[in-house]
Amino acid sequence: MVQLSQALTTVLLATSVVAHPGGNTNREILRRQAHLDHPNRRSVQSCKRNLVESGWVREQHQRREARLHELRVAAGFAKEHELVRRDPAEVEETYGVEAACTLDPESTEGPYWVVGELIRQDLLTGETGAITHLDVNIIDTSSCMPVTDAYVEMWGSNATGVYTGVMAKGNGDGSDTAVKTNALRGLQPTGANGTATFITVIPGHYVGRTNHLHTIIHHGAKLLPNNTIQGGTISHVGQFYIEQDFMGQVEKTSPYNTNKQAITTNAADALFNMAKQGDDDPIMKISLIGKTIEDGLYATIDVGVNPKAKQTPQPVNMWTSDGGIPVPDSPWAGYPDSCKYCGSKPPRKEKKDVLAEE
Ligand SMILES: *[C@@H]1O[C@H](CO)[C@@H](O)[C@H](O)[C@H]1NC(C)=O
Ligand SMILES: *[C@@H]1O[C@H](CO)[C@@H](O)[C@H](O)[C@H]1NC(C)=O
Ligand SMILES: *[C@@H]1O[C@H](CO)[C@@H](O)[C@H](O)[C@H]1NC(C)=O
(Lines give C-alpha, C1' and ligand atoms only; values in the text may rest on other atoms or scores of the structure.)
(Ligands and ions follow the chains in the order given, each with its own letter.)
Protein backbone atom coordinates (compact mmCIF):
# COMPACT_ATOMS: atom_id res chain seq x y z
CA MET A 1 0.00 0.00 0.00
CA VAL A 2 1.27 3.43 -0.94
CA GLN A 3 1.51 6.30 1.51
CA LEU A 4 0.87 9.77 0.18
CA SER A 5 3.93 11.90 0.82
CA GLN A 6 3.59 15.00 2.94
CA ALA A 7 4.19 17.35 0.00
CA LEU A 8 1.67 15.55 -2.12
CA THR A 9 -0.93 15.59 0.61
CA THR A 10 -0.45 19.35 0.80
CA VAL A 11 -1.03 19.67 -2.94
CA LEU A 12 -4.07 17.44 -2.59
CA LEU A 13 -5.56 19.53 0.19
CA ALA A 14 -4.79 22.76 -1.63
CA THR A 15 -6.36 21.69 -4.89
CA SER A 16 -9.31 19.55 -3.90
CA VAL A 17 -11.44 22.60 -3.25
CA VAL A 18 -10.98 24.15 -6.67
CA ALA A 19 -12.30 22.77 -9.93
CA HIS A 20 -9.16 22.31 -12.00
CA PRO A 21 -9.18 23.04 -15.71
CA GLY A 22 -6.55 20.34 -16.29
CA GLY A 23 -9.21 17.77 -15.54
CA ASN A 24 -9.43 15.58 -12.49
CA THR A 25 -6.57 16.70 -10.24
CA ASN A 26 -7.01 14.09 -7.54
CA ARG A 27 -6.83 11.32 -10.11
CA GLU A 28 -3.56 12.84 -11.36
CA ILE A 29 -2.15 13.10 -7.86
CA LEU A 30 -2.79 9.42 -7.25
CA ARG A 31 -1.35 8.41 -10.61
CA ARG A 32 1.74 10.55 -10.04
CA GLN A 33 2.26 9.19 -6.54
CA ALA A 34 2.00 5.59 -7.71
CA HIS A 35 4.67 6.39 -10.28
CA LEU A 36 6.99 8.10 -7.78
CA ASP A 37 6.68 5.13 -5.44
CA HIS A 38 7.29 2.53 -8.13
CA PRO A 39 10.31 0.37 -7.17
CA ASN A 40 11.70 0.48 -10.73
CA ARG A 41 11.53 4.23 -11.05
CA ARG A 42 14.88 5.70 -12.13
CA SER A 43 15.86 9.23 -13.02
CA VAL A 44 18.15 10.45 -15.82
CA GLN A 45 20.53 11.49 -13.08
CA SER A 46 20.96 7.87 -11.98
CA CYS A 47 22.30 7.20 -15.51
CA LYS A 48 24.93 9.93 -15.30
CA ARG A 49 27.90 7.60 -14.99
CA ASN A 50 26.96 5.43 -17.98
CA LEU A 51 26.09 8.42 -20.13
CA VAL A 52 29.32 10.23 -19.28
CA GLU A 53 31.51 7.13 -19.73
CA SER A 54 30.02 6.30 -23.12
CA GLY A 55 30.84 9.84 -24.29
CA TRP A 56 27.18 10.61 -24.93
CA VAL A 57 26.97 13.58 -22.53
CA ARG A 58 30.00 15.22 -24.18
CA GLU A 59 28.71 14.53 -27.71
CA GLN A 60 25.24 15.83 -26.97
CA HIS A 61 26.58 18.95 -25.32
CA GLN A 62 28.80 19.64 -28.33
CA ARG A 63 25.99 18.91 -30.75
CA ARG A 64 23.69 21.35 -28.91
CA GLU A 65 26.42 24.04 -28.83
CA ALA A 66 26.96 23.60 -32.55
CA ARG A 67 23.21 23.72 -33.22
CA LEU A 68 22.75 26.97 -31.30
CA HIS A 69 25.74 28.43 -33.13
CA GLU A 70 24.29 27.33 -36.48
CA LEU A 71 20.99 29.07 -35.63
CA ARG A 72 22.91 32.21 -34.60
CA VAL A 73 24.91 32.24 -37.84
CA ALA A 74 21.76 31.66 -39.90
CA ALA A 75 20.01 34.59 -38.17
CA GLY A 76 23.03 36.85 -38.64
CA PHE A 77 24.05 37.09 -34.97
CA ALA A 78 27.37 35.26 -35.23
CA LYS A 79 30.03 34.41 -37.75
CA GLU A 80 30.79 30.82 -38.68
CA HIS A 81 34.24 30.84 -36.99
CA GLU A 82 33.01 32.45 -33.77
CA LEU A 83 31.83 29.31 -31.95
CA VAL A 84 33.15 29.40 -28.40
CA ARG A 85 33.02 25.97 -26.80
CA ARG A 86 32.62 25.29 -23.12
CA ASP A 87 34.99 22.76 -21.57
CA PRO A 88 33.13 19.43 -21.97
CA ALA A 89 34.70 18.11 -18.75
CA GLU A 90 32.90 20.88 -16.88
CA VAL A 91 29.64 19.90 -18.55
CA GLU A 92 30.16 16.25 -17.62
CA GLU A 93 30.88 17.27 -14.06
CA THR A 94 27.60 19.16 -13.71
CA TYR A 95 25.52 16.73 -15.81
CA GLY A 96 23.92 15.26 -12.72
CA VAL A 97 22.42 18.63 -11.87
CA GLU A 98 21.33 19.67 -15.35
CA ALA A 99 19.99 16.23 -16.15
CA ALA A 100 17.64 16.55 -13.26
CA CYS A 101 15.41 17.68 -16.09
CA THR A 102 13.87 14.27 -16.44
CA LEU A 103 10.19 13.97 -17.06
CA ASP A 104 10.20 10.40 -15.88
CA PRO A 105 7.21 11.09 -13.62
CA GLU A 106 3.91 10.93 -15.43
CA SER A 107 1.63 13.89 -15.90
CA THR A 108 -1.82 14.15 -17.43
CA GLU A 109 -2.44 14.25 -21.19
CA GLY A 110 -5.16 16.78 -20.42
CA PRO A 111 -8.40 17.24 -22.35
CA TYR A 112 -6.82 18.32 -25.67
CA TRP A 113 -4.78 15.42 -27.04
CA VAL A 114 -5.54 14.90 -30.73
CA VAL A 115 -4.32 11.54 -32.04
CA GLY A 116 -3.18 10.95 -35.64
CA GLU A 117 -1.03 14.06 -36.05
CA LEU A 118 1.61 14.36 -38.80
CA ILE A 119 5.30 13.57 -38.56
CA ARG A 120 6.95 16.92 -39.22
CA GLN A 121 9.61 19.15 -37.69
CA ASP A 122 8.00 22.53 -38.30
CA LEU A 123 4.76 22.72 -36.31
CA LEU A 124 4.03 26.41 -36.94
CA THR A 125 1.41 26.24 -39.76
CA GLY A 126 1.04 30.01 -39.71
CA GLU A 127 1.07 30.53 -35.92
CA THR A 128 3.18 33.39 -34.58
CA GLY A 129 4.91 33.95 -31.25
CA ALA A 130 8.32 33.30 -29.72
CA ILE A 131 9.65 30.86 -32.34
CA THR A 132 11.39 28.02 -30.55
CA HIS A 133 13.80 25.42 -31.93
CA LEU A 134 13.18 22.59 -29.50
CA ASP A 135 15.68 19.74 -29.06
CA VAL A 136 14.40 16.81 -26.97
CA ASN A 137 16.71 13.96 -25.91
CA ILE A 138 15.08 10.71 -24.84
CA ILE A 139 17.00 8.46 -22.44
CA ASP A 140 16.08 4.91 -21.48
CA THR A 141 16.57 4.98 -17.71
CA SER A 142 16.37 1.17 -17.50
CA SER A 143 19.42 0.67 -19.78
CA CYS A 144 20.94 4.20 -19.49
CA MET A 145 21.13 4.42 -23.29
CA PRO A 146 19.62 7.02 -25.63
CA VAL A 147 16.34 5.85 -27.20
CA THR A 148 17.00 5.85 -30.94
CA ASP A 149 13.72 4.49 -32.32
CA ALA A 150 10.91 6.36 -30.59
CA TYR A 151 8.49 9.00 -31.85
CA VAL A 152 8.18 12.12 -29.73
CA GLU A 153 4.78 13.81 -29.98
CA MET A 154 4.40 17.48 -29.06
CA TRP A 155 1.42 19.81 -28.77
CA GLY A 156 0.84 23.17 -27.16
CA SER A 157 -1.56 26.09 -27.11
CA ASN A 158 -0.89 29.04 -29.39
CA ALA A 159 0.59 32.33 -28.20
CA THR A 160 -2.81 33.53 -27.02
CA GLY A 161 -3.61 30.27 -25.20
CA VAL A 162 -5.81 28.38 -27.68
CA TYR A 163 -5.40 24.73 -28.77
CA THR A 164 -5.94 23.70 -32.38
CA GLY A 165 -7.79 20.53 -33.43
CA VAL A 166 -10.37 20.75 -30.65
CA MET A 167 -13.52 22.66 -29.81
CA ALA A 168 -14.37 23.13 -26.15
CA LYS A 169 -15.86 25.74 -23.88
CA GLY A 170 -12.95 27.83 -22.59
CA ASN A 171 -10.64 26.98 -25.50
CA GLY A 172 -10.45 30.43 -27.12
CA ASP A 173 -13.96 31.67 -27.89
CA GLY A 174 -15.24 28.06 -27.88
CA SER A 175 -16.04 28.22 -31.60
CA ASP A 176 -15.01 25.66 -34.21
CA THR A 177 -12.33 27.89 -35.85
CA ALA A 178 -9.40 26.16 -34.20
CA VAL A 179 -10.68 22.61 -34.83
CA LYS A 180 -9.79 22.90 -38.54
CA THR A 181 -6.04 23.37 -38.10
CA ASN A 182 -3.25 21.13 -36.84
CA ALA A 183 -0.89 24.00 -35.96
CA LEU A 184 1.52 23.42 -33.06
CA ARG A 185 0.97 19.65 -33.13
CA GLY A 186 3.15 16.91 -34.60
CA LEU A 187 5.66 14.12 -34.09
CA GLN A 188 9.36 13.53 -34.77
CA PRO A 189 11.43 10.34 -34.66
CA THR A 190 14.46 10.21 -32.38
CA GLY A 191 17.66 9.57 -34.35
CA ALA A 192 20.97 7.93 -33.55
CA ASN A 193 21.50 10.29 -30.61
CA GLY A 194 18.03 9.87 -29.15
CA THR A 195 17.14 13.38 -30.29
CA ALA A 196 13.89 14.72 -31.72
CA THR A 197 13.81 18.31 -33.01
CA PHE A 198 10.86 20.63 -33.52
CA ILE A 199 10.08 24.21 -34.44
CA THR A 200 7.17 25.56 -32.41
CA VAL A 201 6.25 28.60 -30.28
CA ILE A 202 6.38 29.17 -26.54
CA PRO A 203 2.80 28.30 -25.54
CA GLY A 204 0.47 31.01 -24.27
CA HIS A 205 -1.27 30.76 -20.92
CA TYR A 206 -4.94 30.01 -20.43
CA VAL A 207 -7.28 30.07 -17.46
CA GLY A 208 -6.11 27.84 -14.62
CA ARG A 209 -2.83 26.66 -16.18
CA THR A 210 0.69 28.00 -16.39
CA ASN A 211 2.36 27.94 -19.83
CA HIS A 212 3.26 24.37 -20.81
CA LEU A 213 3.90 22.04 -23.75
CA HIS A 214 2.57 18.48 -23.85
CA THR A 215 4.54 15.43 -24.88
CA ILE A 216 3.90 11.73 -25.43
CA ILE A 217 6.66 9.20 -26.20
CA HIS A 218 5.67 6.39 -28.62
CA HIS A 219 7.55 3.09 -29.10
CA GLY A 220 7.17 0.41 -31.78
CA ALA A 221 4.64 2.41 -33.80
CA LYS A 222 4.21 1.75 -37.52
CA LEU A 223 4.84 4.56 -40.00
CA LEU A 224 1.88 4.90 -42.41
CA PRO A 225 2.17 6.13 -46.02
CA ASN A 226 0.34 9.37 -45.13
CA ASN A 227 3.07 10.38 -42.64
CA THR A 228 1.24 9.44 -39.46
CA ILE A 229 1.88 6.56 -37.06
CA GLN A 230 -0.30 3.71 -35.88
CA GLY A 231 -0.10 1.24 -32.99
CA GLY A 232 2.85 0.73 -30.68
CA THR A 233 2.95 1.63 -27.01
CA ILE A 234 3.27 4.85 -25.00
CA SER A 235 5.89 4.93 -22.24
CA HIS A 236 5.55 8.48 -21.12
CA VAL A 237 3.02 11.32 -20.91
CA GLY A 238 4.45 14.60 -19.70
CA GLN A 239 4.54 18.38 -19.83
CA PHE A 240 7.44 20.83 -20.38
CA TYR A 241 7.50 24.18 -18.59
CA ILE A 242 9.23 27.57 -18.89
CA GLU A 243 11.21 29.30 -16.15
CA GLN A 244 8.95 31.92 -14.54
CA ASP A 245 11.05 35.11 -14.98
CA PHE A 246 11.76 34.27 -18.59
CA MET A 247 8.08 33.53 -19.19
CA GLY A 248 7.31 37.00 -17.78
CA GLN A 249 9.57 38.49 -20.47
CA VAL A 250 7.88 36.46 -23.19
CA GLU A 251 4.43 37.55 -21.96
CA LYS A 252 5.46 41.20 -22.59
CA THR A 253 6.09 40.53 -26.29
CA SER A 254 3.52 40.49 -29.08
CA PRO A 255 1.16 38.61 -29.50
CA TYR A 256 1.39 37.20 -25.93
CA ASN A 257 0.60 40.66 -24.53
CA THR A 258 -2.83 40.59 -26.21
CA ASN A 259 -3.90 37.47 -24.28
CA LYS A 260 -6.66 38.55 -21.87
CA GLN A 261 -6.94 35.24 -19.98
CA ALA A 262 -5.89 35.22 -16.32
CA ILE A 263 -2.27 34.16 -15.70
CA THR A 264 -1.37 31.22 -13.46
CA THR A 265 2.30 31.11 -12.41
CA ASN A 266 4.31 27.89 -12.22
CA ALA A 267 4.29 28.12 -8.43
CA ALA A 268 0.49 28.29 -8.38
CA ASP A 269 -0.01 25.42 -10.84
CA ALA A 270 -0.74 22.06 -9.16
CA LEU A 271 0.43 19.99 -12.13
CA PHE A 272 3.73 21.91 -12.29
CA ASN A 273 4.33 21.26 -8.59
CA MET A 274 3.60 17.57 -9.03
CA ALA A 275 5.95 17.37 -12.03
CA LYS A 276 8.81 18.76 -9.94
CA GLN A 277 8.66 16.09 -7.27
CA GLY A 278 11.19 13.29 -6.90
CA ASP A 279 14.12 15.53 -7.98
CA ASP A 280 12.65 16.02 -11.43
CA ASP A 281 12.96 19.24 -13.36
CA PRO A 282 10.45 19.67 -16.18
CA ILE A 283 11.72 23.17 -17.12
CA MET A 284 13.26 23.59 -20.59
CA LYS A 285 16.71 25.17 -20.83
CA ILE A 286 16.22 28.14 -23.17
CA SER A 287 18.83 30.30 -24.97
CA LEU A 288 18.26 33.43 -27.04
CA ILE A 289 19.40 33.01 -30.64
CA GLY A 290 19.97 36.74 -31.03
CA LYS A 291 19.54 39.73 -28.76
CA THR A 292 15.83 39.56 -28.04
CA ILE A 293 13.07 36.99 -27.65
CA GLU A 294 11.75 38.06 -31.06
CA ASP A 295 15.03 36.85 -32.63
CA GLY A 296 14.06 33.27 -31.75
CA LEU A 297 14.88 30.71 -29.08
CA TYR A 298 16.74 27.42 -28.73
CA ALA A 299 15.28 25.12 -26.07
CA THR A 300 16.56 21.76 -24.87
CA ILE A 301 15.34 19.14 -22.44
CA ASP A 302 16.26 15.56 -21.50
CA VAL A 303 13.45 13.12 -20.85
CA GLY A 304 13.95 9.85 -19.01
CA VAL A 305 11.60 7.00 -19.94
CA ASN A 306 11.26 3.30 -19.37
CA PRO A 307 10.34 2.07 -22.88
CA LYS A 308 8.62 -0.99 -21.41
CA ALA A 309 6.19 1.11 -19.37
CA LYS A 310 2.69 1.26 -20.83
CA GLN A 311 0.63 4.39 -20.31
CA THR A 312 -2.89 4.79 -21.64
CA PRO A 313 -3.58 8.47 -22.30
CA GLN A 314 -6.93 9.18 -23.94
CA PRO A 315 -7.32 11.43 -27.02
CA VAL A 316 -10.37 13.66 -27.31
CA ASN A 317 -10.15 14.01 -31.11
CA MET A 318 -8.44 12.49 -34.10
CA TRP A 319 -6.74 14.54 -36.79
CA THR A 320 -8.04 13.83 -40.31
CA SER A 321 -7.71 15.63 -43.62
CA ASP A 322 -11.03 17.30 -42.67
CA GLY A 323 -9.77 18.59 -39.30
CA GLY A 324 -10.18 17.22 -35.80
CA ILE A 325 -13.06 14.76 -35.36
CA PRO A 326 -14.29 13.29 -32.05
CA VAL A 327 -12.84 9.98 -30.90
CA PRO A 328 -15.86 7.79 -30.02
CA ASP A 329 -16.41 7.40 -26.25
CA SER A 330 -13.45 9.59 -25.27
CA PRO A 331 -13.53 10.18 -21.51
CA TRP A 332 -12.62 13.81 -22.31
CA ALA A 333 -15.67 14.33 -24.58
CA GLY A 334 -17.87 17.11 -23.21
CA TYR A 335 -14.99 18.76 -21.33
CA PRO A 336 -15.17 20.88 -19.18
CA ASP A 337 -18.83 20.34 -18.20
CA SER A 338 -19.72 16.70 -18.54
CA CYS A 339 -16.95 14.23 -19.20
CA LYS A 340 -15.84 11.07 -17.46
CA TYR A 341 -12.52 12.71 -16.53
CA CYS A 342 -14.11 16.04 -15.48
CA GLY A 343 -14.64 17.16 -11.90
CA SER A 344 -12.34 17.20 -8.92
CA LYS A 345 -13.40 14.03 -7.07
CA PRO A 346 -12.33 10.71 -8.57
CA PRO A 347 -14.73 7.78 -8.39
CA ARG A 348 -13.69 5.55 -5.45
CA LYS A 349 -12.59 2.66 -7.62
CA GLU A 350 -10.22 4.88 -9.59
CA LYS A 351 -7.74 4.95 -6.70
CA LYS A 352 -7.65 1.15 -6.47
CA ASP A 353 -7.15 0.83 -10.24
CA VAL A 354 -4.26 3.26 -10.22
CA LEU A 355 -2.39 1.48 -7.46
CA ALA A 356 -3.05 -1.97 -8.88
CA GLU A 357 -1.79 -0.88 -12.30
CA GLU A 358 1.76 -0.19 -11.08
C1 LIG B 1 24.71 12.63 -33.28
O2 LIG B 1 25.69 13.41 -32.61
C3 LIG B 1 26.92 13.43 -33.27
C4 LIG B 1 27.92 14.09 -32.36
O5 LIG B 1 27.60 15.41 -32.08
C6 LIG B 1 26.75 14.13 -34.61
O7 LIG B 1 27.98 14.19 -35.31
C8 LIG B 1 25.73 13.39 -35.45
O9 LIG B 1 25.44 14.10 -36.61
C10 LIG B 1 24.43 13.18 -34.65
N11 LIG B 1 23.57 12.28 -35.39
C12 LIG B 1 22.29 12.54 -35.61
C13 LIG B 1 21.55 11.47 -36.37
O14 LIG B 1 21.74 13.55 -35.23
C1 LIG C 1 -4.79 31.40 -31.53
O2 LIG C 1 -5.89 30.66 -32.05
C3 LIG C 1 -7.10 31.41 -32.14
C4 LIG C 1 -8.20 30.45 -32.62
O5 LIG C 1 -7.84 29.86 -33.84
C6 LIG C 1 -6.92 32.60 -33.08
O7 LIG C 1 -8.09 33.37 -33.10
C8 LIG C 1 -5.75 33.46 -32.58
O9 LIG C 1 -5.49 34.48 -33.52
C10 LIG C 1 -4.50 32.59 -32.43
N11 LIG C 1 -3.45 33.39 -31.82
C12 LIG C 1 -2.36 33.70 -32.47
C13 LIG C 1 -1.37 34.49 -31.73
O14 LIG C 1 -2.14 33.35 -33.62
C1 LIG D 1 -3.76 8.43 -42.46
O2 LIG D 1 -4.08 7.09 -42.76
C3 LIG D 1 -4.85 6.42 -41.75
C4 LIG D 1 -4.99 4.95 -42.18
O5 LIG D 1 -5.55 4.85 -43.45
C6 LIG D 1 -6.19 7.12 -41.61
O7 LIG D 1 -6.96 6.48 -40.61
C8 LIG D 1 -5.96 8.58 -41.23
O9 LIG D 1 -7.19 9.28 -41.18
C10 LIG D 1 -5.03 9.26 -42.23
N11 LIG D 1 -4.67 10.57 -41.70
C12 LIG D 1 -4.70 11.68 -42.40
C13 LIG D 1 -4.35 12.95 -41.70
O14 LIG D 1 -4.99 11.70 -43.58
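The values are calculated or read from the model by the stated rules, or taken from the named source; none is laboratory data. Just so we're clear, the structure is a prediction, and the values are computed from it rather than from any experiment. Virtual Cβ from ideal backbone geometry, glycine too; neighbours counted across all protein chains shown. Ligands, DNA and RNA are stripped out before the accessible areas are found, and what is left, the full protein with its side chains, is counted by its heavy atoms. Shrake-Rupley method; radii C 1.70, N 1.55, O 1.52, S 1.80 Å.
Data table
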item: Single match in Val162, Val136 (criterion: open to solvent by less than 10 Å² (accessible area, probe 1.4 Å), closer than 30 Å to Glu294 by Cβ and not charged (D, E, K, R)); result: Val136
item: Answer residue from region 308-321, given it is in contact (Cβ under 8 Å) with a residue 40 or more places away in the chain and open to solvent by 60 Å² or more (accessible area, probe 1.4 Å) and is farthest from Val115 (Cα to Cα) among those; result: Lys308
item: Given (1) in a strand (DSSP E or B); (2) open to solvent by 30 Å² or more (accessible area, probe 1.4 Å), index of the condition Thr300 fails; result: (2)
item: Subset of region 179-227 [more than 16 Å from ligand 3 (Cβ to nearest atom), open to solvent by 20 Å² or more (accessible area, probe 1.4 Å) and among the hydrophobic types (A, V, I, L, M, F, W, C)]; result: Ala192, Ile199, Val207
item: Entirely in region 1-103, the helices (runs of 4 or more DSSP H) that have 1 or more residues that are at pLDDT 80 or above and either buried (at least 20 other Cβ atoms within 10 Å of the Cβ) or touching a Ser or Thr at 6+ places or on another chain (Cβ under 9 Å) (or both); result: 48-53, 56-74
item: Some residue of region 158-170 being in contact with a Ser or Thr (Cβ under 8 Å, 6 or more places away or on another chain), within 13 Å of ligand 2 (Cβ to nearest atom), farther than 29 Å from Glu243 by Cβ and not aromatic (Phe, Trp, Tyr); result: yes
item: Residue pairs meeting the criteria (Cβ under 8 Å; at least 6 apart or on separate chains; first in contact (Cβ under 8 Å) with a residue 60 or more places away in the chain, in region 50-77; second assigned to a helix (DSSP H, G or I) and open to solvent by less than 40 Å² (accessible area, probe 1.4 Å)); result: Leu51/Val57; Leu51/Tyr95
